[in-house]
């Protein structure tokens, strides 16, 4: 099964240019967690001694049952929360040491895609994508070219002036992916990006994320979609009861 969307332009959204030829050097980590734990004030332990590293250019699935700690882990990565113990390092920055005023700058290095799109219904597709740059103070002259590039990558250039309410669910998620991509991030975090889509459209969204990954962007995707995880045979990090119980290439299965 293949995606019906056109292939993206040959440019690297993480660097704004064509992907460089391999140099033979080992990819450097985009994300590193060292001994990370998270305990909430009510005593609930959400994460226990998490050790995890994602190299530049990896595509990794994050799986596990409800309550395993996936949502907490993702919130730590975007500094919505801080760990109780350990270090969370994104693109070389220890998030616990990042001043609050610099959090928006940090988040420009990360693209975030949600299950429920989180689009502004009264704004056009173009304006939704541009908004991500406007709120971070990007100069006006740089916004239009960046938005045009992102919309071309996701195959929505022709729908730039439409409102989200006129789009299909798949097109709305493509808009959300363009918004995540417009900052040219080094890491995209996709939290159940196909959870509200039918199987065919879900597969098209996965294919789009894979193509973006091939252009040099690291992708961490949290999902319950066992069929997709098993068929793609990418790296799988499985959480259970706040611990990593599996980290390997392979399908989605529960540990005994």
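Read the figures in this text as sums done on the coordinates, not as results from a lab. Being a predicted model, the structure only gives us computed values, none of them experimental. Positions of Cβ are generated from backbone atoms using ideal geometry, with glycine treated the same way; all protein chains shown enter the neighbour counts.
In degrees between 0 and 90, to the nearest 10, how far off the longest principal axis of the chain does helix 199-214 point, with axes built from Cα atoms?
Between the helix axis and the principal axis of the chain, the angle is about 90 degrees.
Kindly put 204, 241 in sequence by how many other C-beta atoms sit within 10 Å of each C-beta, fewest to most.
Working: 204 21, 241 14.
With the fewest neighbours first, 204, 241 line up as 241, 204.
Can you tell me the 0 to 90 degree angle between the C-alpha axis of helix 140-154 and the longest principal axis of the chain, rounded to 10?
The angle comes out at about 80 degrees.
Could you state the number of Å between the C-alpha centres of region 101-132 and region 150-188?
10 Å
If you average over every viewing direction, what projected area does the convex hull of the Cα atoms of the chain give, in nm²? Display every interim value, and only then the final one.
On the way: hull surface 57.9 nm².
Answer in nm², one decimal: 14.5.
For 89, 205, which order do you get if you count the other beta carbons within 10 Å of each Cβ and list the fewest first?
The fewest-first ordering by Cβ neighbours comes to 89, 205.
With angles folded into 0 to 90 degrees, how steeply does helix 125-134 sit against the dominant principal axis of the chain? Use alpha carbons for both and round to 10.
It works out to around 60 degrees.
Take every DSSP beta bridge whose two residues both sit in the chain, then give the antiparallel share in percent to the nearest 5. The partial results should precede the final answer.
Details: 21 of 38 bridges.
Percent antiparallel among DSSP bridges in the chain is about 55.
Suppose we look only past 25 Å in the calculated P(r) of region 82-229. What percent of the Cα-Cα pairs does that tail hold?
Details: 3173 of 10878 pairs.
The share of Cα pairs beyond 25 Å in region 82-229 comes to 29 percent.
Per residue and in Å³, how big is the convex hull formed by the alpha-carbon atoms of region 110-184? Working shown, then result.
Numbers: hull volume 6.0 nm³, N = 75.
Hull volume normalised by residue count: 81 Å³.
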